[in-house]
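Trainee: Below: one structure in structure tokens.
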Ligand code: HEM
């Protein structure tokens, strides 16, 4: 094969993108990529343009950097497959037998079919349950907060969201110590999750300390004999259970491992995303005031009073109309999400792109979109490092038109992936985060008590929502009824009776 070298890139066959091979045998550019994928990709784009291939740990990954070309990758789902890759990675990470080996005919399709329970009417039902469970947990955890209570924010989000999601999806653990059982599962989950980036990078679990033991213990919680004791779980989990029962070759442990994988999918990203939503709001007083105002007006206009118990109900339409809250959530998702959308070429073929561009691909090559680059593109988002809570609002309505170089973009925000690999839980995730922030701000005065910057921990770049590099303390206190009444509202209006302890600079 004719090759020639230009800078560090090698050009292979005509029509194939430049290849950055790296000089380390097998690893190629893996170390630089893992260190800071975002910077690495931007550097290569500057040197080589919008399409290039990188050799990463034995794989050849072709990155398509131009967002106008995304659509050509996304719609080509026949030649550019996703499930084989996802199956390999997930089965290894969560310890169930791979689906694609022919042993479990149609299992993948059957599981996909029941994602319908995360949309439409079933979504309304599951969202209602989540709202109720969130309120129960807030009440159980926070109803004594007549004076300021201080907690660490990530820990708080994790504790509330994990338990509420767990009960909503899998059901309530009926034992007297139900909360304790779920917190034990949560603590193990956190330990497992800390190893997730290493597992995703194909590092053998045996090299990851106690991870293997913790994973096994977690999976054991989801054995049928335990799950049947949990009460009031969701239709989606029940339907998954019913499907697994039809596959005799799937052992009890394997089924439990599938349930555990679904748990990970449902909270692994939602918890850090909730953290960032809350953190950015507390960091930006104007954003906090606008979102709180929107929440108070909704409560007021629907005549929902604060009583001794939590009984707020929000319809789908009401959740949908919280445009400031949604914009603030989208903005934090833009800033903290870093998922790589991968497809695998099923044959040698030429991928046709806009502007008569063509990319020669070989069977087994990986194609990747890396939307974090789009999310942080100054041509699309002015001052992309700045949190602007109302970025996704225009004339009081949701803004869905974004431009690059004067052209309208089809894809401008992709925290939930794209096309065939798009997250089936995205609507629930948005509802859950909205409900969490809604209840927090409707019920409490909330403020930061530490003046430190929290940064993104880049160790799971490419894998989803990034975690914070440190946790940060905040405090909360039940909002006063007195203030509310003085203003003639039936709900709080959002100002604490106490002045803030210090004024935080806007980041
Ligand atoms: C902020 C929260 C969330 C984010 C950012 C997120 C993001 C994603 C992304 C990017 C993918 C695709 C992964 C890939 O391309 O390899 C995905 C897949 C998935 N997500 Fe989510 N997700 C969130 C919440 C949820 C929730 C709440 C659920 C379920 C209740 C869920 C269930 C799933 C499942 C089952 C898959 C795998 C789909 C498949 O089999 O193809 N996710 N998620």
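No lab work stands behind these numbers, since they all come straight from the coordinates. All of these numbers come straight from a predicted model, not from anything done at the bench. Note that each Cβ is placed from the backbone with ideal geometry, even for glycine, and that neighbours are counted across all protein chains shown.
Trainee: In degrees, nearest 10, range 0 to 90: what is the angle between the Cα axis of helix 120-142 and the longest Cα principal axis of the chain?
Mentor: The helix 120-142 is inclined about 60 degrees to the chain.
Trainee: If all Cα-Cα distances of region 114-226 are sorted into 5 Å bins from 0 onward, what percent lands in each bin, rounded to whole numbers?
Mentor: It works out to 2, 10, 16, 19, 17, 17, 11, 6, 2, 0, in whole percents.
Trainee: Which whole-angstrom value gives the distance between the alpha carbon centres of region 200-233 and region 413-456?
Mentor: Here the answer is 26 Å between Cα centres.
Trainee: Rounded to whole Å, give me the distance from the Cα center of region 317-375 to that of region 116-171.
Mentor: With region 317-375 and region 116-171 each reduced to a Cα centre, they are spaced 30 Å.
Trainee: Sticking with this structure for a sec: What order, most packed first, do the peptides 227-240, 122-135 have when packing is the mean number of other Cβ atoms within 10 Å of each residue?
Mentor: Going from most to least packed, we get 122-135, 227-240.
Trainee: Let me ask another. Please report the orientation-averaged projected area of region 361-476, defined via the convex hull of its C-alpha atoms, in nm².
Mentor: For region 361-476, the mean projected area of the Cα convex hull comes to 10.7 nm².
Trainee: Using the 10 angstrom Cβ neighbour count as an exposure proxy, how do 112, 284 rank, fewest first?
Mentor: In increasing order of surrounding Cβ atoms, one gets 112, 284.
Trainee: While we're looking at this one, here's another question. Suppose we look only past 17 Å in the calculated P(r) of region 280-404. What percent of the Cα-Cα pairs does that tail hold?
Mentor: Every Cα pair in region 280-404 considered, those over 17 Å come to 70 percent.
Trainee: Relative contact order (percent) for the chain, with alpha-carbon contacts under 8 angstrom and 6 or more residues of separation?
Mentor: That works out to 21 percent.
Trainee: Hey, what D do you get for region 250-322 in µm²/s if you plug the Kirkwood alpha-carbon radius into Stokes-Einstein at 4 °C and 1.567 mPa s? Before the final figure, lay out each step's value.
Mentor: Values: Rh = 15.6 Å.
Taking Rh from Cα pairs, D becomes 83 µm²/s.
Trainee: Between the helical axis of 211-221 and the dominant principal axis of the chain, each derived from Cα atoms, what acute angle in degrees is found, rounded to the nearest 10?
Mentor: Value to nearest ten degrees: 60.
Trainee: So if I take the centroid of the Cα atoms in region 64-100 and the same for region 240-294, what is the distance between those two points in Å?
Mentor: 20 Å
Trainee: Okay, helix-only estimate at 222 nm for the chain: each DSSP H run of n ≥ 4 adds -39500 (n - 2.57), divide by all residues, round to 500 deg cm²/dmol; what do you get?
Mentor: -14000 deg cm²/dmol, from helical runs alone.
Trainee: Using only the Cα atoms of region 26-170, what are the Rg and Dmax in Å?
Mentor: Calculated on Cα positions, Rg and Dmax stand at 22.1, 60 Å.
Trainee: Kindly provide the Kirkwood hydrodynamic radius of region 185-240 in Å, to one decimal, from all pairs of distinct alpha carbon atoms.
Mentor: Final number for the Kirkwood radius of region 185-240 is 12.8 Å.
Trainee: Please order 140, 148 by the number of other Cβ within 10 Å, starting at the fewest. Present the calculation step by step, with values, prior to reporting the outcome.
Mentor: Working: 140 13, 148 16.
Ranked by crowding around the Cβ, least crowded first: 140, 148.
Trainee: Can you tell me the orientation of helix 426-443 relative to the chain, as the angle in degrees between its alpha-carbon axis and the longest Cα principal axis, to the nearest 10?
Mentor: The answer is roughly 30 degrees.
Trainee: Want the number for residue 125 to residue 398: 0.36 nm per residue separation, take away the alpha-carbon distance, what's left?
Mentor: 95.8 nm
Trainee: Which whole-number percent is the relative contact order of region 186-255 (Cα, under 8 Å, 6+ apart)?
Mentor: After rounding, I find 28 percent.
Trainee: Okay, next question. Return 222, 156 ranked ascending by Cβ neighbour count within 10 Å, so the fewest neighbours appear first. Walk me through the numbers on the way to the answer.
Mentor: Numbers: 222 24, 156 21.
If I rank by nearby Cβ atoms, fewest first, I get 156, 222.
Trainee: Can you give the Rg to Rh ratio for region 177-301, taking only C-alpha atoms and Rh from Kirkwood? Spell out each step's value before the answer.
Mentor: Working: Rg = 19.0 Å, Rh = 17.4 Å.
The Rg/Rh ratio comes out at 1.09.
Trainee: Mean 1/r over all different Cα pairs, inverted: what Kirkwood radius does the chain give, in Å?
Mentor: Taking every pair of different Cα atoms in the chain, averaging 1/r and inverting gives 24.4 Å.
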